[in-house]
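The values are calculated or read from the model by the stated rules, or taken from the named source; none is laboratory data. All figures in this text were calculated on a predicted structure; none of them were measured in a lab. All Cβ positions, even for glycine, are placed from backbone atoms using ideal geometry, and neighbour counts span all protein chains on display.
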Ligand SMILES: Nc1ncnc2c1ncn2[C@@H]1O[C@H](COP(=O)(O)OP(=O)(O)OP(=O)(O)O)[C@@H](O)[C@H]1O
Ligand SMILES: [Mg+2]
């Protein structure tokens, strides 16, 4: 069939020559945001994230002082006084969870953003310069993609001096390759477009072309990759800290879970100690995944759910208005 | 076959890179890993054992190049040094006794997740807007948002501790003699069930969504339209035309997901005290057992690379376009 | 005249999106008689493929047939249920798609794809189906050993001919050819058209031939319908149309392509910015020549250079 799937987000305006690159970029970004805010999934996801960020920021207001201090007898089940109960040591679980959000969200977002930035840099320069550089970068990217993440995380974190910085660095080292690969293939397809060729002919500098011509047209892919990287970082951070490879002295959801296991609360049936942090990780990851889902649906209209269930081999609907 | 040779060369390169990273890491990082390690461990090591560790970690500051080659030689003959947390067992022995369980857990859950996820994806894409297409994706994405190990903790808590229906630890019951008989196999399956289930649950959504999205793209290909015009039966179009083509990207991404699943399996083993490679991980980390961590890293990398090569073999069978150079 | 193979009456196809509905085809009517070659021409986007696909009811979701009738041998195609439709497709009407080169399944052998369609409709053994595939491939002059090949191992022209052979597999009464040669070079184009003509003589099917290339169209077709913006603006026998076209759009279209044979003529086109809106129904001007009334000036055409 010769149908052209019209993409509402095709970030190129009707006449590419008529508008400058900046216009195009602004147009792309605002249109993406506007469409996102009309999508139910995106709104739900964003709301959850906003709530979590707000709770993290307000943690010192709700629980002033050191959240790790001992406030009651050990391992009390949830009560009016301690809504989520207390840990084996007698710390308030709700307080730990809220305070934990601070470092978990910070590390997750920081590592996710850094991974995406590195991925964009490597993917774009590979795609733009091609040839030897591209081959070399692709090779390195693919090697990093193949090496199993968790064991690599473990040896990296074990040899590096412990601390929040190490956790972020290690997460970026294991996380950038995925985004680099996506960026490269996307940039490759955009590189072939006419307006890039036009910019090249008119003698613009490569960096300028990459930033002004190619990057704005990848807005939605950068967005999904970023969300994916943040989800991955939050999960990997939790795994790392669960093993005791994070900084056990900072509060985070992962270290909360680490202490829950090493204090044996799982075996003792004290579910309130390990449920909140895990649920928080899952909710944030789910919220980000919802946004991702929404961006996918917006950029690829075919993924949108049809109003009525349809079999994909169904014959053309006949809706005759006349006669009878 | 040049495709396969290229891939093989690439895997060898990746493995070489992992060994080199392993060699360089203790030498580049500040501090003296051997002293740190020994201060953490309660083991009493003979002086020559300490010396061997120092050489391995490059604490002596010997010449880099010759050390590198002797390191390469040792690794390729399977000599990863002594484990500290299970002193004085050699690392290779520790891993050899545990790797089979990790392989069993990893392969079982991977195969189930791939087959089930792809089937669900095919069906969801086939009936757009139907029950499967509306309910399953958000649900599975939600379940997939939990960390592997947390879902494992939840499963262990509910089925093991609260209900007492699932075994709490190890890969088979204490006192049972391993052997190829029904009793033992059933017992192993019972111990495998929950760990495998958590891994399958967490990874299922990714497979399903991936397959669904490729199927949707494939459904608008011209050969699907032609197949419809030919008057073929819908299930035949779905399987032989649409799914058969949509499977290809899914198989490609399988290679990458293996590493992911292995990571999940290691953490799940920690929770279930399942005696795979990951079981030792917690002890290794707490005891700063560097040789064991490094050996684990290399062994698992090798296993993942081999698995990738197997996936390539399958891919070549499935896609005629890569068969000849 | 005989009973028509295909009768399309007032066919209207809409692409419905959230905001608006685009009419891909608008109250289109024409008939095709047994053994006849009927051509449908018009610029890109005028709705040719829409018509072709909706006859076989292949259009997907945003598309729907909102009005009209499609009668095949007097049977109402739009009223068929799924099973009847499946049995009818390819058995009675086969189609070569605009993108015929991509319409073979890339992961199965050519032979399998023949067997698939033959056995679905006719049953029989694999061997018998394969035998039939042999014959068909010989008819389009491709070495039958190619049945063991995968699509990517064949050239574009070969793939095209294989699709044509596949279309003939069940001896359909009507063959729809949607720009069967657009992606090919001129020499291969001519070869394939020659073959189609031969096959048509041998097997006697009727053809709905779609192209935007007027010279090919005039060469091959018996009767021609000219489409513009989803509507047919002129419908006449090829010989009549060649020199006696009435609608300015047809004239512009004819003027834009040099004839393959005959004297050289000056190319004429539509004046810049000319648009036809609100096209009326066709009016009979005699001898099977139907024209939509138009207020645009009639161009003189075919001036000798
Ligand atoms: N899936 C679709 N959704 C919305 N509009 C569509 C869709 N498919 C086709 N159209 C519109 O219907 C009109 C007719 O398209 P059609 O494919 O029939 O043109 P055509 O005459 O075959 O053109 P070409 O010569 O380029 O093949 C076009 O204006 C097109 O924009
Ligand atoms: Mg067309």
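Of all residues in the stretch B:21-41, those that are under 28 Å from residue B:312 (Cβ atoms) and within 11 Å of chain A (Cβ to nearest Cβ) total 2. The residue list C:230, C:225 contains one member that is on the phi > 0 side of the Ramachandran plot and buried (at least 20 other Cβ atoms within 10 Å of the Cβ), which is C:230. Report yes if some residue within the stretch C:95-115 is without any contact (Cβ under 8 Å) to a residue 12 or more places away in the chain and within 13 Å of ligand 1 (Cβ to nearest atom); otherwise report no. Scanning the stretch C:95-115 turns up no residue that is without any contact (Cβ under 8 Å) to a residue 12 or more places away in the chain and within 13 Å of ligand 1 (Cβ to nearest atom).
The conditions of being more than 9 Å from chain A (Cβ to nearest Cβ) and either modelled with pLDDT of 90 or more or within 27 Å of residue B:224 (Cβ to Cβ) (or both) are met by residue C:32. Note on the stretch A:45-159: enclosed helices (runs of 4 or more DSSP H) holding 2 or more residues that are more than 14 Å from every other protein chain (Cβ to nearest Cβ), touching a residue at least 24 places away in the same chain (Cβ under 8 Å) and crowded, with 23+ Cβ neighbours inside 10 Å are A:93-129. Being farther than 30 Å from residue A:217 by Cα and at the interface with another protein chain (Cβ under 8 Å from one of its Cβ atoms) is the filter; apply it to the stretch A:280-301 and report the residue that is surrounded by the fewest Cβ atoms within 10 Å (Cβ to Cβ). Of everything passing the filter in the stretch A:280-301, A:283 is surrounded by the fewest Cβ atoms within 10 Å (Cβ to Cβ).
Test residue C:199 against the stated conditions and say whether it is more than 16 Å from ligand 2 (Cβ to nearest atom), surrounded by fewer than 22 Cβ atoms within 10 Å (Cβ to Cβ), closer than 19 Å to residue B:226 by Cβ and within 14 Å of another protein chain (Cβ to nearest Cβ). Spelling it out, it is not the case that residue C:199 is more than 16 Å from ligand 2 (Cβ to nearest atom), surrounded by fewer than 22 Cβ atoms within 10 Å (Cβ to Cβ), closer than 19 Å to residue B:226 by Cβ and within 14 Å of another protein chain (Cβ to nearest Cβ). Checked against the criterion of being within 16 Å of ligand 1 (Cβ to nearest atom), within 14 Å of chain A (Cβ to nearest Cβ) and modelled with pLDDT under 85, the stretch C:257-275 contains not a single residue that satisfies it. Output the number of the condition that residue B:293 fails; it satisfies all remaining conditions of (1) over 30 Å from residue B:39 (Cβ atoms); (2) free of Cβ contacts under 8 Å to residues at least 40 places away in the same chain. Evaluating residue B:293 over (1) over 30 Å from residue B:39 (Cβ atoms); (2) free of Cβ contacts under 8 Å to residues at least 40 places away in the same chain leaves (1) as the failure. Do we have residue B:108 as in a helix (DSSP H, G or I), away from chain A (no Cβ under 12 Å) and closer than 25 Å to residue B:278 by Cβ here? It is true that residue B:108 is in a helix (DSSP H, G or I), away from chain A (no Cβ under 12 Å) and closer than 25 Å to residue B:278 by Cβ. Residues in the stretch C:35-58 that are touching a helix residue (DSSP H, G or I) at 6+ places or on another chain (Cβ under 7 Å), at pLDDT 90 or above and within 11 Å of ligand 2 (Cβ to nearest atom): C:40 alone. Of all the numbered requirements in (1) within 11 Å of chain A (Cβ to nearest Cβ); (2) crowded, with 22+ Cβ neighbours inside 10 Å; (3) assigned to a helix (DSSP H, G or I), residue B:246 misses one, and that requirement is (1).
Of the residues making up the stretch B:264-294, those that are more than 10 Å from every other protein chain (Cβ to nearest Cβ) and not in a loop (DSSP other than H, G, I, E, B) number 8. Filtering the stretch C:202-218 to residues that are within 14 Å of chain A (Cβ to nearest Cβ) and more than 13 Å from ligand 1 (Cβ to nearest atom) leaves nothing. Report yes if residue C:188 is away from every other protein chain (no Cβ under 14 Å) and either within 15 Å of residue C:140 (Cβ to Cβ) or away from ligand 1 (no atom under 16 Å from the Cβ) (or both), otherwise no. Considered against the rule, which asks whether it is away from every other protein chain (no Cβ under 14 Å) and either within 15 Å of residue C:140 (Cβ to Cβ) or away from ligand 1 (no atom under 16 Å from the Cβ) (or both), residue C:188 comes out as yes. Give just the number: which of (1) at the interface with chain A (Cβ under 9 Å from one of its Cβ atoms); (2) within 16 Å of ligand 2 (Cβ to nearest atom); (3) modelled with pLDDT under 90 does residue C:64 not satisfy? Among (1) at the interface with chain A (Cβ under 9 Å from one of its Cβ atoms); (2) within 16 Å of ligand 2 (Cβ to nearest atom); (3) modelled with pLDDT under 90, the lone unmet condition for residue C:64 is (2). Per this entry, residue C:184 is counted among residues that are without any contact (Cβ under 8 Å) to a residue 60 or more places away in the chain and outside any helix (DSSP H, G or I). Listed conditions (1) assigned to a helix (DSSP H, G or I); (2) within 12 Å of chain A (Cβ to nearest Cβ) are all met by residue B:240, apart from (2). For the stretch C:81-100, a residue qualifies if it is more than 7 Å from every other protein chain (Cβ to nearest Cβ) and under 16 Å from the mean Cα position of the chain (by Cα), and the qualifying residues are C:92, C:93, C:94, C:96, C:100.
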